[in-house]
Structures are given as structure tokens and as C-alpha cells.
Amino acid sequence: MSTVDRMTTTVGRGLRVAELASAVGLSRDTIRYYERAGLLPPPERTAGGYRSYDAGAVDRLRFIQGAQRLGLRLADIRDLLTVRDTGTCPCEPAEELLRRRLAEVDSEISRLMALRVEMVAMADALPAADCPAPSPGTWCPPVEGGDSRCSS
């Protein structure tokens, strides 16, 4: 029986936490954590005390997963969900969050490009097959004249 079939057969009683987790590809512990963190509203409980999620929980968790793929923090996602829950379009706060995240990504790309340049320079500075032992405090051997071509 597929996840969709199970969801169809559980509409009357709602989805148990394991069924919801399976439907969205998360662990049961993650579902419970999102509930504690305020990302997922507390579901109704069955007479036996089991969580009983409605179909809206699947949509909400997929929204959370999509926002996480974009690198948004859980606190930011919670803020977007709060706006979304009022029925107001969350586009303006979403744009602000995405532009901030984009600036962070651009900054990280710049940092990684500089790191790459440094790594290429270090790799190019390594001597040939007759590599002597490295100097204390560095991982590169000294070149003729005693200076190390690499940093520590």
C-alpha cells in the first residue's frame, strides 16, 4: 500500500506520526521536534492519546522542507508560517529573508573562491618527488634559502 493510499484510508482518523513522517520523508522525532518548536501546530489526539494530523500537516511540512533547502533557519520559517497562518501573503517577509540568505550565500561563495586560490597556490608551491621533511610549525618543507613557500 502506497503512502497516498494510506493517507486516503486514514482521512477519517487523521495521520499518525509515523504515517505523516513516511509521507514527507522525515523521522517521527523530527515531526515531534517541529511540533515542540512551534513549526507544526499540536494535532488533535485520539482517545488512545495518539497524535492525529490532518492533511494540512503534509503541506506544512513540505513548505518547511522547501524553505530549509533554501537555507532558511527554523526561526525564519516559523515567522513565515505565522504570517501564512493569518491568511496574509508571506511574500514580503519571504523576499526579505531570501535576499538576506542570498547575500550570505554570495559571501560564502567569495570566501570559498579565496580559499580555492590559496589552496591552488599551496599545491603549486609543493616541491617535486624529492620532498624534504617539513619545517617545525608548517606542513611544507623549506625551499632553497631557508624560507618556507607555504604558511603554517
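The values are calculated or read from the model by the stated rules, or taken from the named source; none is laboratory data. Bear in mind that the values here come from a model prediction, so they are computed numbers and not experimental data. All Cβ positions, even for glycine, are placed from backbone atoms using ideal geometry, and neighbour counts span all protein chains on display.
Would it be correct to say that A57 is within 18 Å of T82 (Cα to Cα), modelled with pLDDT of 95 or more and small (G, A, S)? Yes. Number of residues in region 18-36 that are surrounded by 14 or more Cβ atoms within 10 Å (Cβ to Cβ) and part of a loop (DSSP other than H, G, I, E, B): the value is 1. The residue of region 52-80 that is nearest to R16 (Cα to Cα), among those that are in a loop (DSSP other than H, G, I, E, B) and among the small types (G, A, S), is A55. Residues that are closer than 21 Å to L20 by Cα, in contact (Cβ under 8 Å) with a residue 24 or more places away in the chain and either assigned to a helix (DSSP H, G or I) or touching a strand residue (DSSP E or B) at 6+ places or on another chain (Cβ under 9 Å) (or both): does region 81-100 have at least one? Yes, region 81-100 contains a residue that is closer than 21 Å to L20 by Cα, in contact (Cβ under 8 Å) with a residue 24 or more places away in the chain and either assigned to a helix (DSSP H, G or I) or touching a strand residue (DSSP E or B) at 6+ places or on another chain (Cβ under 9 Å) (or both).
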